[in-house]
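Have a look at the structure below, then the notes.
The values are calculated or read from the model by the stated rules, or taken from the named source; none is laboratory data. These numbers come from a predicted model, not from an experiment. Glycine gets a Cβ as well: all are built from the backbone with ideal geometry, and neighbour counts include every protein chain shown.
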């Protein structure tokens, strides 16, 4: 694939923002696991079965907070799916937007949905003969995919541009691997004051939406 796809990712989501993206995602997983551990309503077998969904909420919550506070220089939008029965977030930067989604493996594609199918249609490009430059889309749709281990660690977080068919990658970057390769360390907060404040806010919002506020 032309290197322009990788260049487009780096331009819209620059390498100097990757540690903070990783940090926000990791914080979201910590928040979700702490919410389960601290609440008997969730800390029992049926409640713990919701760990995956709560981690998804936690990661999106932390990314949204990082964008809204200016820690990440992206626009975060909350969107409904096509059938309007749930919401997700998108990160927008320049002419690219990323649909944040949880997957089971680094190279795994998210499950097909009408909304994702529609988004991928913008990822069309035309290749011409004789090494001519391809004609690129003016707006790119991508996925910010992540996965967590059973013990609560962030296993990976990747930015990828899918083909229109959704069966291949135009290009993708594993942010966690790149940070390790470059010798950079994203701060994995455990009990810092900013994370504790975020934890209280997250718990309040979850309880409010669940009707658990006293």
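Out of the stretch 148-170, which residues are within 17 Å of residue 110 (Cα to Cα) and buried (at least 19 other Cβ atoms within 10 Å of the Cβ)?
Within the stretch 148-170, 148, 156, 157, 158, 159, 160, 161, 162, 170 meet the criteria.
So which of 25, 34 ends up being assigned to a helix (DSSP H, G or I), modelled with pLDDT of 95 or more and at negative phi?
Answer to the check: 25.
Yes or no: residue 32 buried (at least 23 other Cβ atoms within 10 Å of the Cβ), out of contact with any strand residue (DSSP E or B) (no Cβ under 8 Å at 6 or more places or on another chain) and within 29 Å of residue 95 (Cα to Cα)?
Judged against the criteria, residue 32 is not a match.
One residue is enough: does the stretch 9-19 have a residue meeting the conditions under 16 Å from the mean Cα position of the chain (by Cα), assigned to a loop (DSSP other than H, G, I, E, B) and more than 19 Å from residue 150 (Cα to Cα)?
Looking for residues that are under 16 Å from the mean Cα position of the chain (by Cα), assigned to a loop (DSSP other than H, G, I, E, B) and more than 19 Å from residue 150 (Cα to Cα), one finds at least one in the stretch 9-19, hence yes.
Looking at the stretch 26-49, which of the residues that are free of Cβ contacts under 8 Å to residues at least 12 places away in the same chain and within 24 Å of the chain's Cα centre (by Cα) is nearest to residue 150 (Cα to Cα)?
49
Test residue 183 against the stated conditions and say whether it is within 17 Å of residue 28 (Cβ to Cβ), modelled with pLDDT of 70 or more and in a loop (DSSP other than H, G, I, E, B).
In short, no.
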